[in-house]
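Reviewing the structure listed below.
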């Protein structure tokens, strides 16, 4: 890839670096990073992808990469790009690559009124969680659904899951967008339907997990108290998305859109819309075109399936906790956030209001407490931002601003971010010795796929504490509490 972007790199001195617009870029790009972070993570492909996204038609503001950025499909993971919905006749571009294949991959964070001391037998609890939480790529162990059930979930998300007996009424206000995005037709392919019918209530593989944790350190006492968090408390994170259904939706629309582009001297061109892009994987359609609307509607349907999936996983977790801990096992949802999504939102860009299609790929929403989409219970704290780290180090919960929005379209990091590719990690890291090391430290680990421990080892990820510090320094979100892993269920 072309690394000439380094010739245009400027340290802003605020936890970000700017790549000034050059070549086909329509706007500047910003990375949440500093010199040390850049030196430790020198793969140029992610920033080069960010530069490419800055050429999308209708893009406004700046193209952002959160502190956990790394190389992805078309867009870098950690990418945040907004396009003007009212640009020209058909609006700015929407790109499936700006959402990714795991539509509405996200995290639900739950808190218990219990501590580690309330667990009679951690090994037994971890084993029972592994038995009740289906993990791995097959989808085996999912809820038995009819096609009518699935259609209702695609239309209604977490609310429809509640109607099927999964979740609590009190969960819904604590979910991003109340766990349901608007969809008119929920028109997904037959193959997507087939994959969705068997995978509801399953974790999946790769970086997906369910983790029982303890609150190790509170750094914002006021916010933690408002959220009912305290040191030594038991909490849980569920990291999963739309499973094979969402992957199929993305695959279908990526294939369809990419087929409309042809290679030219300038890049990849779609003649119908007059789009020329530097990378075919950025294939996009105007948001108000037939293709753009079809993708957004199907994406929202897949996102609803993901909200429902995490609702079922939360219910399965609660069942195990009640069996093992009795009344102490009641777990309440603090928040549920998406981090692979494109949403139409209103933001201020260069001092003017803009209705934007905000792509967040490996980035999470971090809205202020006064935002109308944030539940009133968070009005004095800002929206919770859930940031899983790695299974050996820890995770964080952060908060958006109390008022207003941050400079990155109300966005923040979504995790630690990979430092090694999966292939590199498998070559360099020994999963068996890692498991022994973690269990010697009191962390119970259950993984259903042999290679997943190597691929997901702490050394395969950036240091989550560094990511949090950079995110705070850039003014995107503030840290509230750090969690320590206790029991890990991996796919």
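General observations
- In the condition set (1) outside any strand (DSSP E or B); (2) within 27 Å of residue 82 (Cβ to Cβ); (3) touching a residue at least 24 places away in the same chain (Cβ under 8 Å), residue 228 is compliant with all but (2).
- Scope segment 422-440; condition assigned to a loop (DSSP other than H, G, I, E, B) and either buried (at least 18 other Cβ atoms within 10 Å of the Cβ) or touching a residue at least 40 places away in the same chain (Cβ under 8 Å) (or both); matching residues: 429
- If you go through segment 173-205 and keep only what is within 21 Å of residue 239 (Cα to Cα) and either free of Cβ contacts under 8 Å to residues at least 40 places away in the same chain or surrounded by fewer than 17 Cβ atoms within 10 Å (Cβ to Cβ) (or both), you end up with 173, 178.
- Scanning segment 443-458 for residues that are part of a loop (DSSP other than H, G, I, E, B), surrounded by fewer than 22 Cβ atoms within 10 Å (Cβ to Cβ) and touching a residue at least 60 places away in the same chain (Cβ under 8 Å) returns 448, 449.
- Of the residues 327, 312, the single one that is outside any loop (DSSP other than H, G, I, E, B), without any contact (Cβ under 8 Å) to a residue 60 or more places away in the chain and either in contact with a helix residue (DSSP H, G or I) (Cβ under 9 Å, 6 or more places away or on another chain) or more than 28 Å from residue 373 (Cβ to Cβ) (or both) is 327.
Per-residue answers, yes or no, for (1) under 23 Å from residue 358 (Cα atoms); (2) in contact with a strand residue (DSSP E or B) (Cβ under 6 Å, 6 or more places away or on another chain); (3) touching a residue at least 12 places away in the same chain (Cβ under 8 Å):
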position	(1), (2), (3)
16	yes, yes, yes
28	yes, yes, yes
31	yes, yes, yes
39	no, no, no
45	yes, no, yes
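- Filtered residues of segment 135-164 (kept if within 22 Å of residue 110 (Cα to Cα) and without any contact (Cβ under 8 Å) to a residue 12 or more places away in the chain): 163
- For segment 115-145, a residue qualifies if it is modelled with pLDDT of 90 or more, outside any helix (DSSP H, G or I) and surrounded by 15 or more Cβ atoms within 10 Å (Cβ to Cβ), and the qualifying residues are 115, 119, 133, 142, 143, 145.
- The residues listed here are 261, 275; of these, the one that is without any contact (Cβ under 8 Å) to a residue 60 or more places away in the chain and crowded, with 17+ Cβ neighbours inside 10 Å is 261.
- Residues located in segment 459-478, provided they are touching a strand residue (DSSP E or B) at 6+ places or on another chain (Cβ under 8 Å) and either surrounded by 20 or more Cβ atoms within 10 Å (Cβ to Cβ) or outside any helix (DSSP H, G or I) (or both): 460, 461, 462, 464, 467, 468, 470, 471, 474, 476, 477, 478
- Test: residue in segment 375-383 that is touching a helix residue (DSSP H, G or I) at 6+ places or on another chain (Cβ under 9 Å), more than 27 Å from residue 443 (Cα to Cα), touching a residue at least 40 places away in the same chain (Cβ under 8 Å) and part of a strand (DSSP E or B): no
- Among the residues of segment 338-356, those that are part of a strand (DSSP E or B) and surrounded by fewer than 24 Cβ atoms within 10 Å (Cβ to Cβ) comprise 343, 344, 345, 346, 347, 348, 349, 352, 353, 354, 355.
- Yes/no for residue 245 being touching a strand residue (DSSP E or B) at 6+ places or on another chain (Cβ under 7 Å) and either part of a helix (DSSP H, G or I) or more than 22 Å from residue 361 (Cα to Cα) (or both): no
- Hits in segment 30-46 - residues which are surrounded by fewer than 19 Cβ atoms within 10 Å (Cβ to Cβ) and assigned to a helix (DSSP H, G or I): 35, 36, 38, 39, 40, 45
- Criterion applied to 284, 294 was being touching a strand residue (DSSP E or B) at 6+ places or on another chain (Cβ under 6 Å), at pLDDT 95 or above and under 30 Å from residue 150 (Cα atoms), and the one residue passing it is 284.
- Meets criteria (at pLDDT 95 or above and more than 18 Å from the chain's Cα centre (by Cα)) for residue 403: yes
The values are calculated or read from the model by the stated rules, or taken from the named source; none is laboratory data. What you see is a predicted model, and the numbers here were worked out from it, not measured in a lab. For neighbour counting, all protein chains shown are included, and Cβ atoms are generated from backbone atoms with ideal geometry for every residue, glycine included.
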